[in-house]
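The values are calculated or read from the model by the stated rules, or taken from the named source; none is laboratory data. Just so it is clear, the model here is predicted, and its values are computed rather than measured. Here the Cβ is made from the backbone with ideal geometry for all residues, glycine too, and neighbour counts use every protein chain on show. All accessible areas refer to the heavy atoms of the entire protein, side chains included, with ligands and DNA or RNA removed. Shrake-Rupley method; radii C 1.70, N 1.55, O 1.52, S 1.80 Å.
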Amino acid sequence: MEDQYFDKVIREKMEGFTPSPPANAFSNIKAQMEVVATRKRRAVFIRIAMAAALIGIAMITGWLYTETDNQGTKPLAEDKTIQKEEGVVTESNKKESTTYNPKKTVAVPAKETIVKSAISEDTRINNYAALPGITDEKEAPGTIRESMGQLNYLTARLIQVIPFEDRSEALRLNTVKKGTFSTPLSEDEKELIAMNTSANRKNDMPANSWKVGIQLAPGYSSNTSSHSEYYAQNMAYSGSPGKTNMGAGFSIAYKANKKWSIKSGLYYSQNGQDSKNSRAVSGQGSNLFFTQAPADKEIFNTAVNFSGGQMTMNSKAGIIEFTGTPQNTELLTTMDGKRAYSNTLLTQGEFSQMFDFVEIPLYLSYQLLKSKIGIELLGGISANFLVGNNVYMNGPSGKENIGRTADISTLNYSGTLGAGVEYALGENISFSVEPRFSYFLNSINKRSDVRYRPYRIGIYIGLNYELNKK
Amino acid sequence: MINTEPDLEDLKNIVKGCASGDSNAQEKLYNMFASKMFGVCLRYAKDSMEAEDNLQEGFIKVFTNIKNFRHDGSLEGWVRRIMVNVSLEKYRKQHLTYPVEDISVYDGQALTEEALDKSSLEDLFHLIQQLPPRYKMVFNLYVMEGLNHREISKKMGISEGTSKSNLARARDILKRKVQGLHRELKTNTKYPV
């Protein structure tokens, strides 16, 4: 008899072999499935807890980074007072009223010999250029900390809404155990699952898939700005075009289909700028009043104004409201009649303005490539909530918080374009690098004579975890 | 045991339900395939206890992995492959130290078509069950699952030559026993008790 015929008959006969399984088989299976489900829930809980811990660490790292940056901040000098102007001087008596002596200010670096205030009682300050929109609001010192506390709270709240379900346990059956035997996946099953997973990725990406992630985002921020002529003539020009800083946050993405995803999240980022010499005071930025200063030291000088006991200064981002006179500075009235502000602040170092934002984005991303390495493009808008607004002076005695920038909007909008590369570390976990460019769609300063729009280029580096992956 | 054939849409709903952990859907799926799969498990297992264990283990894997099933092939085939793989895994664990036999040439047994046709399903099942474990595995994989010798050699960790010789030996034993059974039946017919 031919083997083929023999095999065929055997096969046909045996195909009809359908004995009844034991009656309790399904109840046993059901009981074991419950054990498996409990273990999976526990594993998901542990993973979410770990993700929360990682996010917390990232947030704390970001906060510490900011705090480290603020180290050396000195309290405002207590022994200095700002002379409140009592009257208005005319153009003709300005030169007569100044008490400034150039020789006296050459020795500025020596702390003990700093001239604390060169304004005498009878100094008359011209305040005709008092700027509108200045309020008496003071920025609480703990604003950043409080804001970060809110950020962490929001983070925790968002984690709570992640579905308590894990659909990505395909390769974790190795942990399934029943009584005395375990059920590791065989090579064949792994191959089968891998084939299915591969087919899944290529042909039919899962719908309703959620992905959460944490990111650290070192970046560079700068701005574009324009100002009215009147404002600009008293404005300190920018010392450097931008600042490097660190952002952090977490993302949540909803995969609508195999190509498109909607992304959101919660991010903390900084934006700011430095200010140096006033163009009006120093002409082209040279140290007009400090020609005898050491060549390796740069002396800051800019026009400041007094109004209602408040010292203010025009910067690119807006009017800086001083909460006191910075340490190691000299304040004098100039003889120059070309400017609106007749007072000049002299010091070494430079101002830096920092704006802290909590960003809630809404991005649309398009998957260009999906395999072990995925590539995607993204774009969208973000709501940026101002949570920190501080002005620092970096002088010889360290970094000193000297006030805030007035008229900055609490809520701002920005547009973002970016690209991302994602590398799968496992079935559900991936590592991503996403360069993003964000540009504010509105001027963050509410004044009509100041238009200041920050932008930021950040490299978002993070870990992502895909939930309920089918 | 309910064994009605559901249409494709029903099947998709059952699969979807199983993927989301719905125990009713799991029970439906179980009822659809339990008998056939128990038959598969019995063919590979050394006894019914082991077959029952394999059936349960196999269905747990089915329910846990069904989210990966994409409906681009037969669900029954997919479930069956899992059952076979579970059985093979169990076999591998139990027979790691079996010596490799290599009987390269066998004489074809003179089995008549009549003898084969008259053999009952139960007789054939018991004859297959009585084969030495590896012969039984190779025979089942080749004849029932349609695997070639290269695939069998990979799955069982044996050479292709061993697979071929094991299959030939299994066929030889079965033919001899089927013919013997037939002869016995004929004898019993002539001289009924």
Expressed in nanometres to one decimal, the distance between label points 7 Å along Cα→Cβ at B:E76 and A:S307 is 8.7
A chain fully extended from A:I46 to A:A383 at 0.36 nm per residue, minus the present Cα-Cα distance, gains in nm 118.1 nm
Phi-derived 3J(HN,Hα) across segment A:435-446 with the Karplus relation (6.51, -1.76, 1.60, θ = phi - 60°), rounded Hz, x for Gly and Pro, is x, 9, 10, 10, 10, 5, 7, 10, 6, 6, 9, 7
Other residues with Cβ under 15 Å from the Cβ of A:S20 give, with Lys and Arg +1 and Asp and Glu -1, a net charge of -1
Partner shielding of B:162-175, as the mean number of partner chain Cβ atoms within 10 Å, equals 1
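What's the buried accessible area, both sides, between B and A using a 1.4 Å probe, rounded to 100 Å²? It would help to have the intermediate numbers written out before the result.
On the way: alone 11750 and 23930 Å², together 30580 Å².
Roughly 5100 Å² of accessible surface disappears when B and A pair.
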If the chain between A:T224 and A:A31 were fully extended at 0.36 nm per residue, the gain over the current Cα-Cα distance would be 63.0 nm
In this structure, the FRET efficiency calculated for A:F431 and B:E122 from their beta-carbon separation, with R0 = 51 Å, to the nearest 0.05, is 0.30
Descending accessible area (1.4 Å probe), largest on the left, turns A:E427, B:E113, A:E2 into A:E2, B:E113, A:E427
Computed over segment A:409-451, the relative contact order (Cα-Cα under 8 Å, seq sep at least six) in percent reads 44
Buried by partner chains in segment B:34-51 (accessible area down by at least 50 Å² vs chain alone, 1.4 Å probe, heavy atoms, protein only) are B:S35, B:F38
Note on segment A:6-23: residues buried by at least 40 Å² of accessible area once partner chains are added (vs chain on its own, 1.4 Å probe) come out as A:F6, A:D7, A:I10, A:R11, A:K13, A:M14, A:E15, A:F17, A:T18, A:P19, A:P21, A:P22
Ignoring ligands and nucleic acids, A:K446 exposes an accessible area, probe 1.4 Å, in Å² to the nearest 10, of 140
